[in-house]
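> If you scroll down you'll find the structure; I have some questions about it.
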Amino acid sequence: MMGNNLPSPQEVIELCKANNIVRMRLYDPNQAALEALRNSGIEVMLDVPNSDLQSLANPNNAGQWVQTNVLNFYPAVNIKYIAVGNEVKPVGDSTSWMAQYVLPAIQNVYQAIRAKGLHDQIKVSTAIDMTLIGTSYPPSKGSFRSDVRSYLDPIIGYLVYANLPLFANVYPYFSYVGDPNDISLPYALFTAPNVVVWDGSRGYQNLFDAVLDSVHAALDNTGIGYVKVVVSESGWPSDGGFAATYDNARVYLGNLIQHVKGGTPMRPNVAIETYLFGMFDENQKSPEVEKHFGVFYPNNQKKYPFNFGFSAARHWEDDIVAIKNASVSLRSDA
């Protein structure tokens, strides 16, 4: 939504329907967008913006937020997830002061949902980025940074208790541009012809699986309990930065759509629920590379030739890849 040339919410819903897009992430409870989503059948991941975390650490405020933005629309708006905060970093970042409020806000929103008997239909969690991973290689040795464990461990414990997933923003693009000498472009784009990294008996042919399995391992290695991971963002920019080309983005996104049907070496044969970033190029974002993550142009034209592989006859829950309609910046430090 960070553009001055974007279509109206109702046009966006029609665009989604025309392209068989059946899931969407909204970064804040934009009322016009929620109204447009009524009776659309589109499943929604709805964010609590970081700016609201402190307020929702108060149970009364959380209850009012849930009433206003969830219960007033559900089930006409098919809200599946609530992401309480996006990429909050507990150490050394402009968002760090918010970290103390994430778990109380999750708990309060969850309890408000549970009070209405909807906790099995609407799952509550938070979205992390990969800066919280300390060790990612090899994937089986994945672990969270020691200086963020006091923040994450109680959250993970609550997710285990309430049978909630963790949302993770997974970007091979940023991993690659941060270390192009040691990471090959084919490995990042799913085009490596053979296994690139062996981790015991597990072979990794693409960076997406390696990064995601490092998150799986980091969760497992806490010893707290099993937590499912939903990939709440992944994408590749088509312009504006190193390796940000149309062809790279087309190859990455097209391969990702096909790949997530099949699971990772650590979690094989389980489709990976994955949200693509993002719906449109957004001309009011910065730096420049952040403006070019859209899979549609603002004039509603598809940027890339692939489709999303959905059939209206299929059950919604079988459809794995979704498009995200972003309304805040991709990265919290942007």
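The values are calculated or read from the model by the stated rules, or taken from the named source; none is laboratory data. The model shown is predicted, which means the values in this text are computed figures rather than measured ones. Note that we place each Cβ from the backbone using ideal geometry, even for glycine, and neighbour counts take in every protein chain shown. Each accessible area value is taken on the protein alone, full model and side chains, heavy atoms only, with ligands, DNA and RNA left out. Shrake-Rupley method; radii C 1.70, N 1.55, O 1.52, S 1.80 Å.
> Counting only residues that are of a type outside the set (A, V, I, L, M), in contact with a Leu (Cβ under 7 Å, 6 or more places away or on another chain) and part of a loop (DSSP other than H, G, I, E, B), which one in segment 218-262 is nearest to LYS80 (Cα to Cα)?
Result: GLY235.
> State the number of residues belonging to segment 23-57 that are in a strand (DSSP E or B) and open to solvent by less than 10 Å² (accessible area, probe 1.4 Å).
Number of matching residues: 9.
> Residues SER140, SER125: which one is in a strand (DSSP E or B) and among the hydroxyl-bearing types (Ser, Thr, Tyr)?
Every option except SER125 fails the conditions.
> Out of all the residues in segment 1-22, is one or more within 20 Å of LYS123 (Cα to Cα) and either basic (Lys, Arg) or part of a helix (DSSP H, G or I) (or both)?
No - not one qualifying residue is present in segment 1-22.
> Being farther than 18 Å from LYS228 by Cβ and part of a loop (DSSP other than H, G, I, E, B) is the filter; apply it to segment 103-122 and report the residue that is most open to solvent (accessible area, probe 1.4 Å).
Checking each candidate, the answer is LYS116.
> For segment 128-137, enumerate the residues that are open to solvent by less than 40 Å² (accessible area, probe 1.4 Å) and in a helix (DSSP H, G or I).
Scanning segment 128-137 gives a single hit, LEU132.
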